1. Test of understanding: among ASP152, ASP146, ASP197, ASP215, which residue is over 25 Å from GLN5 (Cα atoms) and in contact with a Gly (Cβ under 6 Å, 6 or more places away or on another chain)?
2. I need a count of the residues in segment 96-140 that are out of contact with any strand residue (DSSP E or B) (no Cβ under 8 Å at 6 or more places or on another chain) and basic (Lys, Arg).
3. Name the residue that is farthest from ARG135 (Cα to Cα), counting only residues in segment 154-194 that are within 24 Å of the chain's Cα centre (by Cα) and of a type in the set (Ser, Thr, Tyr).
4. Considering only segment 127-149, state which residues are more than 12 Å from the ligand (Cβ to nearest atom), in contact with a helix residue (DSSP H, G or I) (Cβ under 7 Å, 6 or more places away or on another chain) and closer than 8 Å to HIS113 by Cα.
5. Among the candidates GLY102, GLY93, GLY80, GLY145, which residue alone is closer than 30 Å to LEU280 by Cα and open to solvent by 10 Å² or more (accessible area, probe 1.4 Å)?
6. Identify all residues within segment 155-189 that are in contact with a helix residue (DSSP H, G or I) (Cβ under 7 Å, 6 or more places away or on another chain) and within 19 Å of ARG139 (Cβ to Cβ); write none if there are none.
7. Restricting to segment 100-114, name every residue that is at positive phi and in contact (Cβ under 8 Å) with a residue 60 or more places away in the chain.
8. What do you reckon, is LYS157 modelled with pLDDT under 95 and away from the ligand (no atom under 16 Å from the Cβ)?
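The values are calculated or read from the model by the stated rules, or taken from the named source; none is laboratory data. Keep in mind that what you see is a predicted model, and the values were worked out from it rather than measured. Please note: Cβ atoms are built from the backbone with ideal geometry, for glycine as well, and neighbour counts cover all protein chains shown. Quick note on the areas: whole protein, heavy atoms, side chains included, nothing else; ligands and nucleic acids left out. Shrake-Rupley method; radii C 1.70, N 1.55, O 1.52, S 1.80 Å.
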Amino acid sequence: MIFRQLFDSTSGTYTYLLASRRGGEALIIDPVLERVERYLQLVRELDLRLVKAVDTHLHADHVTGLGALRDRTHCVTVMGEQSNADVVSMRVGDGDRIAIEGVSLEAIYTPGHTDDSYSFLLADRVFTGDTLLIRGTGRTDFQNGDPRAQYDSIFNKLMKLPDDTLVFPAHDYKGETVSTIGEEKFFNPRLKVKSIDEYVDLMNNLHLPNPKMMDVAVPANMHVGLRQADIAAKGWALSPAAAMALCGSPSAIMVDLREQSERDKHGVIPGSLHAAYADLEENVRAGGLLHELAAATGKRIVFYCAYGERSAMAVQAAQDAGVTSACHIEGGLAAWKNANGPLTR
Ligand SMILES: [Fe+2]
């Protein structure tokens, strides 16, 4: 496995790059905007293809690199379903998986530092975001933080993992790089409390100054979505109502770009075809399934995904590949559901 721990010294943030092999798909956790060029260089050097960028939570101390990485690589951006970010390509809940070729992370909902904090478990290691730090825990005094929830996340979720599970946090300010669940159990001073009330008391009396970047980072991180208006301005977007009128029509084919797990969890538009975003390039180029389907039938290709991000990128790619009928449902399945569009399992 390829595993890189990268550091942003300005914010003390750790970013993790994962891939199962050289030449394969890669995933990045908690990228920092100012370091995006460095990540992309490393991705090139290791001959990887960045396909997913994940944030453990909405950060207050740095601007996320999610939007920039998506714009540069067309990767899928992922956050927890509780996140206040305007649009990410995919949202996960407790127990869901974030998969790329050869790597599968289990999402563990660990609120407390923020109400959208997740940890991600990968076999022998866990990425704990700001929930559990090395000999510390993330502050709980802003962004809907809650020391009670954090106690539960740490003691009833993370501490139940095997003692030798490696702990990779989102931050460190003292130069520590990795710990284990067992080590934190014994040596983390914040975990020496005898009760949940003692923990709440401890966390409520830290009196920490706000992060320097907070007023910039939080609003910026809430607006990471792709500008779907640009695709609409080219005439390549359908409102949910317009898409509903085409649903079942012989002149159009709805194409679902989501992953099977999302389809199982949220349902699909009746009669739609499944062609996952990961295979898009192959499907839209000349000779590819969607390219030939559009050419042979003259039907309009109507892409959709969860929130309209992947489908907007798919429309652009399909149009670039000569599929001139390609369009998408603006706002994705979320907008479709809001408009009471029919769904099937
Ligand atoms: Fe944080």
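1. Being over 25 Å from GLN5 (Cα atoms) and in contact with a Gly (Cβ under 6 Å, 6 or more places away or on another chain) holds for just one of ASP152, ASP146, ASP197, ASP215, which is ASP146.
2. Number of matching residues: 1.
3. Out of the qualifying residues, it is THR165.
4. PRO147
5. Residue meeting the stated conditions: GLY102.
6. Result: LEU158, VAL167, GLU184.
7. Selection gives GLY102 alone.
8. Answer is no for this residue.
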